[in-house]
Amino acid sequence: MGKKILLVDGDQQFTKLVSSVLEGRGHNVTSTHVAVPPADLQAGELDLIILSSPMPDSDDLEWLTRLRNEGFGTKVILIAKSQDHLHTLKPRVPKDLAVSLMVHKPLIPYIFGAQVDRQLDPDQSEAANQKMKDFETMFLALVTKYARVLPTRIAELSQAMEKAKENPRDADLTGEVRGLAHKIKGTGGSLGFRQVSECMGFIENAAAEMPNMTQEEQQFSWAELDRKLVEAQLAGELECQEINQAIASADLKVEKTPHNPAMTRILVVDEDRQFLDIVCALGKQRLVDIVRATNHKEAIEQAVVYPLDAALINVLPQDPEQSFRLARSIRELPGYENLPLAFISGQALVKDRVEAAHAGASLYLDKPLESDSLEKAVQHLVNIRQGGRPRILVCDDDEFFANTVALVLRNEGMIVRTLNDPSKILETMQEYPPELMLLDVMMPGVTGFEVCRMLRQIPRWQDLPIIFLTGQTGVEARLEAFRSGGDDYLPKPVVNEELLTRVSVRLDRARMLKDRSDKDTTTGLLLRRAFSEQLSAILAEAHRLKTTFTICLLDVDHFKKVNDTYGHLAGDKVLAGLGQLLSRRFRVDDLRGRWGGEEFMLTFKRETKATMHAAVQRVLLEFQAMTFSGDKGETFQSSFSGGIAEYPVDGESVFELVKVADNRLYLAKHRGRKQLVVDDEPCPAPESEAEVAPEPEPQPAKDLPPGVTTDRRSSK
């Protein structure tokens, strides 16, 4: 939840910038250019005061002293006007004023926003603090690197301007001036070079108007551009010095940047620290980011802080169930319902493998773990990831700008690839299919609008969310963005908080639309159409690779009587409860769907019916232990029956397998329900009608063993 912040600063431009950054982080900011009298403030309503020093109309330290004397315990951040002023200010600030943080201008907005968040939430875990520090270090390293190349970029622009002035009728040369200024404006502004960015915006706009000017107007305009270029050079030198000072005061060593280009992040849980060291070393070799944990608590904390692609959990020989409980706990965290899991064991037992499958493991690895086996395991887990971290493609010919955007998005757990050559976009998207694209408008040889139109003609990419990155914010440019098929546009220079918000909104909407078309609203599982499509793909793969898979058709026992006795809302609760249970169990690459009514279908890749029978049986026991409430507050329990069929033993087509599973489900009903059938042994026929038990009415759960009734007739 956002905090209430009072920002006291006489510089309106600085106030506007900092307010936008903090509001983008969800805080409620009130700004004023004068020191508010203590009587006008209410102590309990503010979480933080940001006070600039010196204030134009009052003594900042005297004002702060009055606040403390009035009983204000609110946290305070002091911002000095310069580094020199900070050195003279620090000795004058007594400890009893309890200033939480002292910094100086100029500030790098995004870094300052992170510092404010740490002050507002000092109890963040060590892992969360380290994550933010790593990001700050990487971001500042990018700023430092750009500060070194900025003079070269401005010099290139100067040369392009000279060529364009010598050939005023050459539209390509003027276009080059415009393009170079556009790049510096977008990247420089996003990295904190505000004055340089403003000068480049002027040059870009003027260059765009050149073809429409008379010769006399062009001469005047070139003189203005020369003046702005000199202004940009001087501003660049000054801002580079100021940013270097800001970096120095941030107490971060940017020379040794912990930049990790890995796209895959895997949690490894093992109490053996030596083994974790080995896995981390293997991860570095394979460009895999290993997040390590030695116990249950640490593993959960790391899973909350770091967006994960998969988890490898060591099976403790003395207590294997503890490892399986941890896996289930991780899968129950928000966003990790489909997290791929693997277990590592030095003594793999059959019963442990069954428990691992029930807990959701896609792999069961043996120690010692070799480099090749780790690589294969990682590749397998990443390939089966469903609903994991969103995949973003950033297409921008400016490498610095693309990397800046990628860094911000990666810090929020997104998987990002950058592309600087738009001619390779189709090839890249075939190898790396994105869930969202950030597309620059001005690129060499082709515009972003043209790329977007081309993608919209390809069925696979017609629904891909595309956000344009552009320095052109006029009405015509915005209209062209939507005419070409774009979903949104983001002006350069980019405000990081706005970038994250727009990307998140588009991703959420795209996933919501896909879920609506593919998933059942009651159970959250795949609808029959979507399930059948994926089942056909599994069948084709098994046929091609000569592997096996198993399907299981489930039916909730006595579901009609649940509706009649406890109400239809109670029936929906039963379906939803079973759907949620199935979604949390088994492996990520197993399919779970609502086949129709109270029937569910499961598919287990590369597993025989004997192995999966035990895993589904565990789910049956869990489901029987669940308690549901009726429309009138009654409590009851439920159960299900199931039939299992294996490819190719029981059939070589989807139709044959479903028919066999359905017949075995019928047998399970006649054998007493609450069970799974994997064979075709017929039920013995009763010798007389007297041997058939009469059908009782449903009873509350407390009067019966697990199951709604003792009815033995099929509910189908």
Nitroxide proxy distance, nm - points 7 Å out along Cα→Cβ at residue 337 and residue 216: 7.1
Lysines within cross-link reach of residue 674: Cα-Cα under 21 Å, excluding same-chain residues under 8 positions apart? 560, 561, 573, 609, 659, 702, 716
With each pseudo-label sitting 7 Å past Cα toward Cβ, what's the residue 508-residue 57 distance in nm, one decimal? 3.9
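Among residues other than residue 567 whose Cβ falls under 11 Å from its Cβ, what is the net charge (Lys/Arg +1, Asp/Glu -1)?
Values: positive: 573, 632; negative: 564, 572, 631, 634.
Summing Lys/Arg as +1 and Asp/Glu as -1 gives -2.
Which trypsin sites (Lys or Arg not before Pro) does the range 384-442 hold that lie in a coil by DSSP with at most 10 other beta carbons within 10 Å?
In loop regions of the range 384-442 (DSSP not H, G, I, E or B), there are no sparsely surrounded trypsin sites (Lys or Arg not before Pro).
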Under 18 Å from residue 105, Cα to Cα: aspartates and glutamates that are on another chain or at least 8 residues apart: 9, 11, 60, 84, 136, 237, 239, 242, 251
Expected vector for the range 63-74, Karplus 3J(HN,Hα) from phi with 6.51, -1.76, 1.60 and θ = phi - 60°, integer Hz, x for Gly and Pro, equals 4, 5, 4, 4, 4, 5, 5, 7, x, 7, x, 4
Sorted by chain and then number, the residues having a modelled amide H within less than 5 Å of the amide H of residue 343, at least 5 places away or on another chain, are 313, 363, 364, 365
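Kindly state, to the nearest 0.05, the FRET efficiency for residue 82 paired with residue 458, given R0 = 56 Å and r defined as their beta-carbon distance. Please list the in-between numbers first.
Values: r = 54 Å, r/R0 = 0.97.
Result of the calculation: an efficiency of 0.55.
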Taking the Cα-to-Cβ direction at residue 423 and at residue 576 and moving 7 Å from each Cα, how far apart do the two end points lie in nm? 5.6
Which residues qualify? For residue 75, with a placed amide H closer than 5 Å and at least 5 residues away or on another chain, they are 49
Could you put 84, 488, 309 in order, starting from the residue whose Cβ has the fewest other Cβ atoms within 10 Å? 84, 488, 309
List the residues, sorted by chain then number, that are 5 or more residues from residue 7 or on another chain and whose placed amide H is less than 5 Å from its amide H. 30, 31, 32, 50
Residue by residue through the range 75-90, what is 3J(HN,Hα) from phi via Karplus (6.51 cos²θ - 1.76 cosθ + 1.60, θ = phi - 60°)? Round to whole Hz and write x for glycine and proline. 5, 10, 10, 9, 10, 7, 6, 7, 5, 5, 5, 5, 5, 7, 7, 3
With θ set to phi - 60° and the Karplus curve 6.51 cos²θ - 1.76 cosθ + 1.60, what are the ³J(HN,Hα) couplings of the range 331-345 in order, to the nearest whole Hz, using x for Gly and Pro? 5, 8, 6, x, x, 10, 4, 10, 5, x, 10, 9, 10, 10, 8
Based on the Cβ-Cβ distance from residue 152 to residue 322, what FRET efficiency comes out when R0 is 45 Å, to the nearest 0.05? 0.20
Just to be sure I understand: of the beta bridges DSSP finds with both ends in the range 391-515, what percent are antiparallel, rounded to 5? 10
Pairs from 16/90; 183/492; 4/75 whose Cα-Cα separation, in the structure shown, is over 20 Å: 16/90
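Rule-based calculations on the coordinates, nothing more; no lab input. Everything numeric in this text was worked out from a predicted model, so none of it was measured. Neighbour counts are summed over all protein chains in view; Cβ atoms, including those assigned to glycine, are modelled from backbone coordinates with ideal geometry.
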